[in-house]
Amino acid sequence: MKVLILHGWGGSDYPHWQAHLAMEVTKNYGTVSFPLIQHPHYPSKNRWIKQVKAILEDFRPDTVVCHSLANTLWFWLCEKGIAPVERLFMVSPPSLHTDEHTIKSFFPCPLPQDLHAKEAEIFVSDNDPWISVEEAQQIATHYNVPLKILHNAGHINADSGFGKWETIEKLVIRNQ
């Protein structure tokens, strides 16, 4: 199994659940790529697309795990003719109409026609400041993929208590 973990705005270094996930995949003899996408605190859509598209072509993951802005990046990558993956986990995608100055090059973001994944699953919190449950439901319905709604989990990151997150670890590692 080859797992690509894509962080959002600002990165996902330890103790973020993505850092724990990278360690767990490795401990279970999987191959993981958890790159620091250039300028994580001041991201540029075009630079991120170029860097991650090259990683996808070189690494050829079968599973991709996105958090936050990486989900928006994935939507943009889908418009660039990327190879499909087996599984895609989308955690805490921001609203498609986010109006944050630092990440403005990513928005507004149209929904691509295809997620380029055989299986996909979306996870959001009912109190995420970056997306409403209603918008997450619309995205999940658009792609006919399962939506898991966590109660009072904020942006599902280290700041909201998501260091080690066994649920996502079990889902990602299940087929190793």
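Readers should treat all values here as calculations from the given coordinates under stated rules, not as data from a laboratory. Only a predicted model underlies this, so the values are computations on that prediction, with no experimental measurement involved. Glycine also receives a Cβ, built like all others from the backbone with ideal geometry; neighbour counts cover every protein chain displayed.
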- Task: Kindly provide the set of residues from segment 125-154 that are in a loop (DSSP other than H, G, I, E, B), in contact with a strand residue (DSSP E or B) (Cβ under 7 Å, 6 or more places away or on another chain) and closer than 18 Å to SER95 by Cβ, ordered by number.
- Result: ASP126, ILE131, VAL145, ALA153, GLY154
- Message: Here is a list: SER68, SER12. Which entry is in contact (Cβ under 8 Å) with a residue 60 or more places away in the chain, out of contact with any helix residue (DSSP H, G or I) (no Cβ under 8 Å at 6 or more places or on another chain), among the small types (Gly, Ala, Ser) and closer than 22 Å to ILE156 by Cβ?
- Response: SER68
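Of the residues ALA136, ALA70, ALA158, which single one is among the small types (Gly, Ala, Ser), more than 26 Å from THR31 (Cβ to Cβ) and out of contact with any Lys or Arg (no Cβ under 8 Å at 6 or more places or on another chain)? Give the derivation first.
Values: ALA70 fails: more than 26 Å from THR31 (Cβ to Cβ); ALA158 fails: more than 26 Å from THR31 (Cβ to Cβ).
After ruling out the rest, the residue left standing is ALA136.
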- Task: Could you check how many residues of segment 126-152 are under 23 Å from GLY10 (Cα atoms) and crowded, with 20+ Cβ neighbours inside 10 Å?
- Result: 3
- Has segment 91-108 got any residue that is in contact with a strand residue (DSSP E or B) (Cβ under 9 Å, 6 or more places away or on another chain), aliphatic (A, V, I, L, M), closer than 22 Å to HIS20 by Cβ and not in a strand (DSSP E or B)? no
- Query: Hey, among the residues in segment 97-111 that are in contact (Cβ under 8 Å) with a residue 40 or more places away in the chain and within 16 Å of the chain's Cα centre (by Cα), which one's surrounded by the most Cβ atoms within 10 Å (Cβ to Cβ)?
  - Reply: PHE106
- Selection from segment 155-176 of residues assigned to a helix (DSSP H, G or I) and of a type outside the set (Val, Ile, Thr) yields ALA158, ASP159, SER160, GLU166, GLU169, LYS170, LEU171
